[in-house]
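Notes to accompany the following structure.
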Amino acid sequence: MAYYKQYFEGAEVEKFKLSMLNWADRFSIFCFLDSHHYEPDTSGYAWLLAAGAHRKIKVPEEQAFSFLKDSYAHANGWWFGHIGFGLQESFFPGQASPDEYISFGQSVFFEPLYILSCQDERLCIESLEDDCENIFQQISSFSIPFPPKKNVPVQTEAGMTKSEYLAAVKAIRQHIIRGDCYELNFCQEFTASGYEAEPLNIFNNLSRLSPNPFAALYKLGDKYCICESPERYLKKEGDKISSSPIKGTSRRYPEDEKKDEESRRALLSSAKDKSENVMVVDLVRNDLSKVCREGTVQVEELFKLKSFPAIHHLVSTVSGNLV
């Protein structure tokens, strides 16, 4: 099998990135990750795209991790994909999973045909089946990065009524009182019907309004996952694993420096936000202790304030060394 890799110096990488996503949408599967040029430890790449599938696997829920480990051991390069909610059955039998229509279903991973990445304003293209110069010219020829935006009003519908929501909160409080749990992340779903979404436009607009270091756009068939998250879930370097949970948020005032500073100070002194942050730090410490060597789990940062375009956050970092 042919393999191509080529660097392109001086390319207008940000403009190229927009056309590249439009080009990637021709494939039935792609994964785009964008750090939006945040601090160097966020990622080794400014952005990274995996497009097309040389090989794709659906991961069985039984013995999923051993299956993934074996598949990866026989691969020569990158793998991208997702782990579905159904995988929890391997660890917590009998617990209900979300309805199929709100998830991507079974876990899927793929070995991409094309890898495009940017480091230090330097574009790199890797390909399993085409000349890199040809790919560069193809993408550069897209004159309209995204289809024109349609101004169609969107009507959303909550997943439960107000009375159902309040009843669920009451039930959760009783669970906490009984000691069944001490923290619970309670969410409800909002859906929109009768509206044809334009995923590329939505992602582009989110990136423009609120760029965050863990942005992602993922396509699988006719489904898209769009993410503009400031929160690191997991990072692995050698045998070290770390997580940076966020609890505690306050509004930014970019046009008013005084109010913005007041918002920062209020967040740093908020007992409620700090107690929530400590709670999630304890949860992460507990989770990492199950897979890390005894005595290696530590809190590297606690209540570190990080500012993003729209909000301030309290971020903590927990790490450990894997067994």
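Structure data summary
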| item | result |
| --- | --- |
| In the range 209-243, the residues that are of a type in the set (Val, Ile, Thr) and more than 14 Å from the chain's Cα centre (by Cα) | 241 |
| Test: residue in the range 173-189 that is among the hydrophobic types (A, V, I, L, M, F, W, C), in contact with a strand residue (DSSP E or B) (Cβ under 8 Å, 6 or more places away or on another chain), modelled with pLDDT under 90 and within 26 Å of residue 108 (Cα to Cα) | no |
| Residue match in the range 125-138 (condition: assigned to a strand (DSSP E or B), touching a helix residue (DSSP H, G or I) at 6+ places or on another chain (Cβ under 7 Å) and not acidic (Asp, Glu)) | yes |
| When residues of the range 159-201 are limited to those that are touching a Leu at 6+ places or on another chain (Cβ under 9 Å) and of a type in the set (A, V, I, L, M), the one most open to solvent (accessible area, probe 1.4 Å) | 176 |
| Per-region count, the range 186-227, residues part of a strand (DSSP E or B) and either among the aliphatic types (A, V, I, L, M) or in contact (Cβ under 8 Å) with a residue 24 or more places away in the chain (or both) | 14 |
| Any hit, the range 87-95, residues being more than 25 Å from residue 188 (Cβ to Cβ), open to solvent by less than 70 Å² (accessible area, probe 1.4 Å) and modelled with pLDDT of 65 or more | yes |
| The range 269-290, residues that are open to solvent by 70 Å² or more (accessible area, probe 1.4 Å) and of a type in the set (A, V, I, L, M, F, W, C) | 271 |
| Residues within the range 243-266 that are part of a helix (DSSP H, G or I) and touching a Leu at 6+ places or on another chain (Cβ under 9 Å), tallied | 1 |
| Count of the range 228-242 residues which are part of a loop (DSSP other than H, G, I, E, B) and closer than 30 Å to residue 295 by Cβ | 3 |
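The values are calculated or read from the model by the stated rules, or taken from the named source; none is laboratory data. The structure presented is a predicted model; accordingly, all values stated were derived computationally and were not measured. So basically every Cβ, Gly included, is an ideal-geometry build from the backbone, and we count neighbours across all protein chains shown. These area figures cover heavy atoms from the full protein model, side chains too; ligands, DNA and RNA do not enter into them. Shrake-Rupley method; radii C 1.70, N 1.55, O 1.52, S 1.80 Å.
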